[in-house]
Amino acid sequence: MTPLTARIADGVAAVPADQWDACAGTANPFVSHAFLSALEQSGSVGGRSGWQSIPVIVDGADGRPAAIAPAYAKSHSQGEYVFDHAWADAWERAGGSYYPKLQVAAPFTPVPGPRLLLRDPAAAPALIAALEAVTDQHQLSSAHATFVAPDQVAAFEAAGWLIREGTQFHWKNEGYATFDDFLGALASRKRKAIRKERATAVEGLTIRHLTGDAIGAREWDAFWIFYQDTGSRKWGRPYLTRAFFPMLGAALGDRLLLILAERDGEPIAGALNLIGEDALYGRYWGCTEEVPFLHFELCYYQAIDAAIARGLATVEAGAQGEHKLARGYAPVPTWSAHYIPDPHFRRAVADFLTRERAAVEADQDVLVSMTPFRRG
């Protein structure tokens, strides 16, 4: 039997798209060659961004990739949404260098998905071992696979990686034919509140759903302004460059959904979504005019409308946000996996994660009781 061999590629764009996507599949757009190479080619990663793309690849007997990890050498902890700043501070105070570290992720994207891209499922252990070897051989402090698809957590755990639990809020389609069907599953008071919010949000506005070639330069110019405004409020500077958005539009076409709010023909707010095989992923939002409840309308309610129309099972509207509960989004666990070679540091992190998980799961129990659905 020919042994598997591992290597590091010089970026996603250096791997032929057909070979990458044969491993990545089509279900999750954020690990597609189109999405990740657009990040590189637009300058959103690479250069001085602190994200150096170094995909780790295990080749099969046929010489083609059998498994790929979208990996990055990181010089900071920005754009990850699984916060390890306290770990970095502790390691630095102990005299170590936490950065660079190895990050297995879709950059700037808190969306659960495969982190082991497998044309051959049997290659998963070899790919994890390759990630460990890269970490050890380059004397990196640690390796982190964030927002790991639930069905891949066990593979990391079996390899001895530490598992961390978090929480997001997702909407689940229970076979609804219309938005009113969804509202019918809610308590009366919550139904009335949502109807009132929606009416207030869209008063005097036109809402448009655009995909593919319908998203032109005018729409991207408007959305770039929205994105910059939101980015400057949340993290100081936007992670993505202006060039990224039309590149993504050209690459993904009808898998991209831009929801715009217009007043008198002029865009004043927008929400950008990616369409997966069975989920709608809400990613970026912004506005130039403050309108009550418009954020909820574009990012949550219009997303539900779009998912129902397409027969999609879920809407994943990004990280954090307990305000999503009242809008019909329920808490779900998310997972990350962490390889820490130093035994003392590993022990400290493991102890922290045990205590953190108990608190996270207790919080999830409380959050479930806060959803707006009818009881009994």
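The values are calculated or read from the model by the stated rules, or taken from the named source; none is laboratory data. Just so it is clear, the model here is predicted, and its values are computed rather than measured. In this analysis, Cβ positions are derived from the backbone assuming ideal geometry, glycine residues included, and neighbour counts consider all displayed protein chains. The accessibility values were calculated without ligands, DNA or RNA, using every heavy atom of the protein model including side chains. Shrake-Rupley method; radii C 1.70, N 1.55, O 1.52, S 1.80 Å.
Points worth noting:
- Check on HIS295, assigned to a strand (DSSP E or B), in contact with a strand residue (DSSP E or B) (Cβ under 9 Å, 6 or more places away or on another chain) and open to solvent by 50 Å² or more (accessible area, probe 1.4 Å): no
- Some residue of region 97-119 being out of contact with any Lys or Arg (no Cβ under 6 Å at 6 or more places or on another chain), part of a helix (DSSP H, G or I) and free of Cβ contacts under 8 Å to residues at least 60 places away in the same chain: no
- Among the residues of region 52-79, those identified as open to solvent by 10 Å² or more (accessible area, probe 1.4 Å) and either under 17 Å from ALA243 (Cα atoms) or not in a loop (DSSP other than H, G, I, E, B) (or both) are GLN52, SER53, ASP59, ALA73.
- Some residue of region 36-50 being of a type outside the set (A, V, I, L, M, F, W, C), part of a helix (DSSP H, G or I) and touching a Gly at 6+ places or on another chain (Cβ under 7 Å): yes
- Pairs are defined by a Cβ separation below 8 Å, a sequence spacing of at least 6 or placement on different chains, a first member in region 297-322 that is within 21 Å of LEU205 (Cβ to Cβ) and touching a residue at least 12 places away in the same chain (Cβ under 8 Å), and a second member that is acidic (Asp, Glu) and open to solvent by less than 30 Å² (accessible area, probe 1.4 Å); the pairs so defined are GLU297/GLU197; TYR301/GLU197.
- Within region 138-150, one or more residues are over 24 Å from the mean Cα position of the chain (by Cα) and open to solvent by 30 Å² or more (accessible area, probe 1.4 Å).
- Scope region 306-357; condition open to solvent by 10 Å² or more (accessible area, probe 1.4 Å), in a strand (DSSP E or B) and either under 30 Å from TRP91 (Cα atoms) or in contact with a Cys (Cβ under 8 Å, 6 or more places away or on another chain) (or both); matching residues: PRO333, THR334, TRP335, TYR339
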